[in-house]
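The block underneath contains the structure these notes are about, expressed in C-alpha coordinates.
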Amino acid sequence: MNYASNKRRRDDVVSRVANADVDHRFCRIAGCGNPTRAGSNSGLNRLYCRAHEDYFQRHGSYVKGSYPASLLAPYRKRALAWLEANRTDRRVALAIQRIRSLYQRAGAKVEAFRLAGLSPEDRARAAWARLRVAEVDPMLPIAAWLAIERAIANDPQPDTKIEFKRVQAAKLVHRMASGTHKRWERTGPGGRVLVEEMHKYPASRGRVLRHIGEQLALACEVLPADLKF
Ligand SMILES: [Zn+2]
(Lines give C-alpha, C1' and ligand atoms only; values in the text may rest on other atoms or scores of the structure.)
Protein backbone atom coordinates (compact mmCIF):
# COMPACT_ATOMS: atom_id res chain seq x y z
CA MET A 1 0.00 0.00 0.00
CA ASN A 2 1.67 3.27 -1.08
CA TYR A 3 0.97 6.82 -0.03
CA ALA A 4 -0.84 7.81 -3.25
CA SER A 5 -3.41 5.02 -3.12
CA ASN A 6 -3.98 5.61 0.59
CA LYS A 7 -4.65 9.26 -0.10
CA ARG A 8 -6.97 8.43 -3.00
CA ARG A 9 -8.97 6.13 -0.77
CA ARG A 10 -9.13 8.73 1.97
CA ASP A 11 -10.23 11.45 -0.47
CA ASP A 12 -12.90 9.14 -1.77
CA VAL A 13 -14.29 8.50 1.72
CA VAL A 14 -14.21 12.21 2.55
CA SER A 15 -16.09 13.08 -0.63
CA ARG A 16 -18.69 10.36 -0.06
CA VAL A 17 -19.36 11.61 3.48
CA ALA A 18 -19.70 15.18 2.18
CA ASN A 19 -22.16 14.07 -0.52
CA ALA A 20 -24.15 12.05 2.02
CA ASP A 21 -24.58 15.24 4.02
CA VAL A 22 -25.99 17.00 0.99
CA ASP A 23 -28.38 14.09 0.32
CA HIS A 24 -29.66 14.15 3.85
CA ARG A 25 -30.65 17.78 4.01
CA PHE A 26 -34.14 17.11 2.70
CA CYS A 27 -36.82 14.64 3.77
CA ARG A 28 -36.65 11.52 1.62
CA ILE A 29 -40.44 11.21 1.25
CA ALA A 30 -41.22 11.99 -2.40
CA GLY A 31 -42.69 15.45 -2.86
CA CYS A 32 -42.12 16.54 0.75
CA GLY A 33 -39.25 18.99 0.39
CA ASN A 34 -39.03 19.82 4.12
CA PRO A 35 -35.55 19.86 5.64
CA THR A 36 -34.63 16.78 7.65
CA ARG A 37 -34.25 17.26 11.37
CA ALA A 38 -30.50 16.94 10.86
CA GLY A 39 -30.68 19.54 8.04
CA SER A 40 -32.55 21.97 10.25
CA ASN A 41 -30.28 21.24 13.23
CA SER A 42 -33.26 20.22 15.34
CA GLY A 43 -32.56 16.56 15.88
CA LEU A 44 -30.63 13.49 14.91
CA ASN A 45 -33.02 12.13 12.31
CA ARG A 46 -31.10 12.46 9.06
CA LEU A 47 -33.64 10.98 6.67
CA TYR A 48 -37.04 12.52 7.40
CA CYS A 49 -38.51 15.87 8.37
CA ARG A 50 -40.18 16.50 11.72
CA ALA A 51 -43.71 16.11 10.27
CA HIS A 52 -42.96 12.73 8.70
CA GLU A 53 -41.11 11.55 11.80
CA ASP A 54 -44.19 12.48 13.84
CA TYR A 55 -46.46 10.69 11.41
CA PHE A 56 -44.34 7.55 11.74
CA GLN A 57 -44.59 7.69 15.54
CA ARG A 58 -48.39 7.75 15.30
CA HIS A 59 -49.06 5.29 12.49
CA GLY A 60 -46.00 3.04 12.11
CA SER A 61 -45.58 4.21 8.52
CA TYR A 62 -44.17 7.36 6.93
CA VAL A 63 -46.91 7.54 4.32
CA LYS A 64 -49.76 5.22 5.25
CA GLY A 65 -52.33 6.42 7.76
CA SER A 66 -54.04 4.27 10.40
CA TYR A 67 -57.00 2.20 9.24
CA PRO A 68 -60.32 3.70 10.33
CA ALA A 69 -62.33 1.79 12.97
CA SER A 70 -65.20 1.34 10.50
CA LEU A 71 -62.92 -0.51 8.06
CA LEU A 72 -61.57 -2.80 10.80
CA ALA A 73 -64.85 -3.54 12.62
CA PRO A 74 -66.11 -6.32 10.30
CA TYR A 75 -62.65 -8.00 10.25
CA ARG A 76 -62.47 -7.90 14.05
CA LYS A 77 -65.95 -9.34 14.37
CA ARG A 78 -65.26 -12.20 11.97
CA ALA A 79 -61.86 -12.94 13.51
CA LEU A 80 -63.40 -13.12 16.97
CA ALA A 81 -66.15 -15.45 15.75
CA TRP A 82 -63.51 -17.69 14.15
CA LEU A 83 -61.47 -17.78 17.36
CA GLU A 84 -64.53 -18.65 19.43
CA ALA A 85 -65.47 -21.45 17.04
CA ASN A 86 -61.89 -22.78 17.20
CA ARG A 87 -61.05 -22.22 20.84
CA THR A 88 -60.23 -25.91 21.31
CA ASP A 89 -57.70 -25.83 18.47
CA ARG A 90 -54.30 -26.39 20.05
CA ARG A 91 -52.78 -23.33 18.35
CA VAL A 92 -55.64 -21.02 19.35
CA ALA A 93 -55.40 -22.28 22.93
CA LEU A 94 -51.66 -21.60 22.90
CA ALA A 95 -52.09 -18.03 21.58
CA ILE A 96 -54.68 -17.36 24.32
CA GLN A 97 -52.30 -18.76 26.90
CA ARG A 98 -49.55 -16.42 25.67
CA ILE A 99 -51.82 -13.38 26.00
CA ARG A 100 -52.83 -14.48 29.50
CA SER A 101 -49.17 -14.74 30.35
CA LEU A 102 -48.62 -11.14 29.15
CA TYR A 103 -51.50 -10.10 31.44
CA GLN A 104 -50.02 -11.95 34.41
CA ARG A 105 -46.47 -10.71 33.96
CA ALA A 106 -47.55 -7.08 33.49
CA GLY A 107 -47.41 -6.11 37.15
CA ALA A 108 -49.63 -3.62 38.92
CA LYS A 109 -52.01 -1.34 37.06
CA VAL A 110 -50.61 2.18 36.57
CA GLU A 111 -53.01 5.13 36.36
CA ALA A 112 -52.83 6.96 33.01
CA PHE A 113 -51.62 10.18 34.63
CA ARG A 114 -48.62 8.38 36.13
CA LEU A 115 -47.36 6.93 32.84
CA ALA A 116 -45.44 9.99 31.65
CA GLY A 117 -42.09 9.22 33.30
CA LEU A 118 -42.03 5.51 32.46
CA SER A 119 -39.92 3.81 29.79
CA PRO A 120 -41.70 2.49 26.67
CA GLU A 121 -41.18 -1.06 28.01
CA ASP A 122 -42.90 -0.21 31.29
CA ARG A 123 -45.72 1.60 29.50
CA ALA A 124 -46.27 -1.51 27.35
CA ARG A 125 -46.49 -3.61 30.52
CA ALA A 126 -48.94 -1.10 31.98
CA ALA A 127 -51.13 -1.48 28.88
CA TRP A 128 -51.33 -5.27 29.39
CA ALA A 129 -52.03 -4.72 33.09
CA ARG A 130 -54.97 -2.46 32.19
CA LEU A 131 -56.42 -5.22 30.03
CA ARG A 132 -56.02 -7.74 32.85
CA VAL A 133 -57.68 -5.47 35.43
CA ALA A 134 -60.54 -4.67 33.02
CA GLU A 135 -60.87 -8.44 32.37
CA VAL A 136 -60.57 -8.02 28.62
CA ASP A 137 -61.02 -11.39 26.92
CA PRO A 138 -57.57 -12.50 25.63
CA MET A 139 -59.25 -13.34 22.32
CA LEU A 140 -59.83 -9.62 21.64
CA PRO A 141 -56.16 -8.67 21.21
CA ILE A 142 -55.69 -11.78 19.05
CA ALA A 143 -58.72 -10.82 16.93
CA ALA A 144 -57.23 -7.31 16.57
CA TRP A 145 -53.99 -8.81 15.22
CA LEU A 146 -55.84 -11.03 12.75
CA ALA A 147 -58.02 -8.10 11.64
CA ILE A 148 -54.96 -5.96 10.88
CA GLU A 149 -53.33 -8.83 8.97
CA ARG A 150 -56.46 -9.18 6.86
CA ALA A 151 -56.86 -5.43 6.33
CA ILE A 152 -53.28 -5.22 5.05
CA ALA A 153 -53.77 -8.30 2.83
CA ASN A 154 -56.89 -6.72 1.27
CA ASP A 155 -55.36 -3.24 0.92
CA PRO A 156 -54.57 -2.39 -2.73
CA GLN A 157 -51.81 -0.01 -1.55
CA PRO A 158 -50.55 -1.53 1.67
CA ASP A 159 -47.53 -0.74 3.78
CA THR A 160 -46.18 -4.27 4.05
CA LYS A 161 -43.47 -3.55 6.61
CA ILE A 162 -43.73 -5.44 9.89
CA GLU A 163 -43.52 -2.13 11.76
CA PHE A 164 -46.83 -0.93 10.30
CA LYS A 165 -48.65 -4.16 11.15
CA ARG A 166 -47.38 -4.13 14.72
CA VAL A 167 -48.20 -0.48 15.35
CA GLN A 168 -51.68 -0.77 13.82
CA ALA A 169 -52.56 -3.81 15.94
CA ALA A 170 -50.99 -2.26 19.04
CA LYS A 171 -53.15 0.86 18.65
CA LEU A 172 -56.25 -1.33 18.88
CA VAL A 173 -54.94 -3.13 21.97
CA HIS A 174 -53.82 0.13 23.54
CA ARG A 175 -57.35 1.52 23.20
CA MET A 176 -59.12 -1.53 24.68
CA ALA A 177 -58.90 -0.59 28.32
CA SER A 178 -57.54 2.86 27.99
CA GLY A 179 -57.66 5.83 30.25
CA THR A 180 -58.18 6.79 33.85
CA HIS A 181 -61.53 8.29 34.67
CA LYS A 182 -62.30 10.13 37.87
CA ARG A 183 -65.47 11.87 38.96
CA TRP A 184 -65.99 13.90 42.10
CA GLU A 185 -68.36 16.43 43.58
CA ARG A 186 -67.56 19.74 45.20
CA THR A 187 -69.62 22.54 46.63
CA GLY A 188 -69.71 25.62 44.42
CA PRO A 189 -70.96 29.18 44.99
CA GLY A 190 -74.30 29.31 46.83
CA GLY A 191 -73.88 25.77 48.13
CA ARG A 192 -74.57 24.18 44.74
CA VAL A 193 -73.08 20.75 44.18
CA LEU A 194 -70.79 20.70 41.17
CA VAL A 195 -69.72 17.47 39.50
CA GLU A 196 -66.22 17.48 38.08
CA GLU A 197 -64.67 14.84 35.91
CA MET A 198 -61.18 14.04 34.73
CA HIS A 199 -60.37 11.78 31.81
CA LYS A 200 -56.78 11.02 31.02
CA TYR A 201 -55.78 8.74 28.16
CA PRO A 202 -52.29 7.42 27.50
CA ALA A 203 -50.86 8.82 24.25
CA SER A 204 -51.20 6.29 21.43
CA ARG A 205 -47.86 6.85 19.73
CA GLY A 206 -44.20 6.11 19.90
CA ARG A 207 -42.14 3.19 21.06
CA VAL A 208 -44.74 1.86 23.51
CA LEU A 209 -46.75 0.76 20.45
CA ARG A 210 -43.73 -1.04 18.98
CA HIS A 211 -43.35 -3.03 22.19
CA ILE A 212 -47.02 -3.95 22.45
CA GLY A 213 -47.06 -4.89 18.75
CA GLU A 214 -43.99 -7.08 19.07
CA GLN A 215 -45.40 -8.90 22.10
CA LEU A 216 -48.73 -9.39 20.34
CA ALA A 217 -46.96 -10.72 17.23
CA LEU A 218 -45.09 -13.26 19.36
CA ALA A 219 -48.32 -14.43 20.99
CA CYS A 220 -50.04 -14.81 17.61
CA GLU A 221 -47.20 -16.45 15.67
CA VAL A 222 -48.48 -19.89 16.72
CA LEU A 223 -51.69 -19.41 14.71
CA PRO A 224 -51.90 -20.94 11.23
CA ALA A 225 -50.77 -18.52 8.52
CA ASP A 226 -53.52 -19.53 6.08
CA LEU A 227 -56.31 -18.91 8.56
CA LYS A 228 -59.76 -18.46 6.97
CA PHE A 229 -62.32 -16.24 8.62
ZN1 LIG B 1 -41.18 15.05 5.14
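The values are calculated or read from the model by the stated rules, or taken from the named source; none is laboratory data. As the structure is a computational prediction, the values presented were derived from the model and not from experiment. Note: ideal-geometry Cβ built from the backbone for every residue, glycine included; neighbour counts use all protein chains shown. For the accessible areas, the whole protein counts, side chains as well, though only heavy atoms, and no ligand, DNA or RNA atoms are used. Shrake-Rupley method; radii C 1.70, N 1.55, O 1.52, S 1.80 Å.
Only the Cβ atoms of Lys and Arg (+1) and of Asp and Glu (-1) were treated as charged; on that basis the dipole of the range 83-229 about its Cα centre amounts to roughly 360 debye. Sorted on the mean count of surrounding Cβ atoms within 10 Å across their residues, most packed first, peptides 106-112, 79-85, 195-201 read 79-85, 106-112, 195-201. Between the range 91-130 and the range 170-207, the alpha-carbon centres lie 20 Å apart.
From the cross-link list Lys64/Lys165; Lys171/Lys200; Lys109/Lys182; Lys161/Lys228; Lys165/Lys200; Lys77/Lys182, which pairs have alpha carbons spaced over 19 Å apart? The pairs that break the limit, which is 19 Å between Cα atoms, are Lys161/Lys228; Lys165/Lys200; Lys77/Lys182.
If a/c stays under 1.5 just call it rounded; otherwise compare a/b with b/c (prolate if a/b is bigger, oblate if not). Do that for the range 36-157, with a ≥ b ≥ c from the square roots of the Cα gyration tensor eigenvalues.
Values: a/c = 2.83, a/b = 1.41, b/c = 2.01.
The shape class here is oblate.
Entry for the range 117-229 at q = 0.12, 0.16 Å⁻¹: log10 I(q)/I(0) = -0.52, -0.77, Debye formula applied to identical alpha-carbon scatterers, no solvent contribution. With a cut-off of 13 Å between beta carbons, the residues surrounding Asp54 carry a summed charge of +3, where Lys and Arg count +1 and Asp and Glu -1. Measuring max minus min along each principal axis, the C-alpha atoms of the chain give extents of 82, 62, 34 Å (largest first).
Positive end of the dipole of the chain (Cβ unit charges, origin at the Cα centre): among Phe113, Gln168, Tyr75, the Cα lying farthest that way belongs to Phe113. Using a probe of 1.4 Å on the protein chains alone, the accessible area found for Trp184 is around 100 Å².
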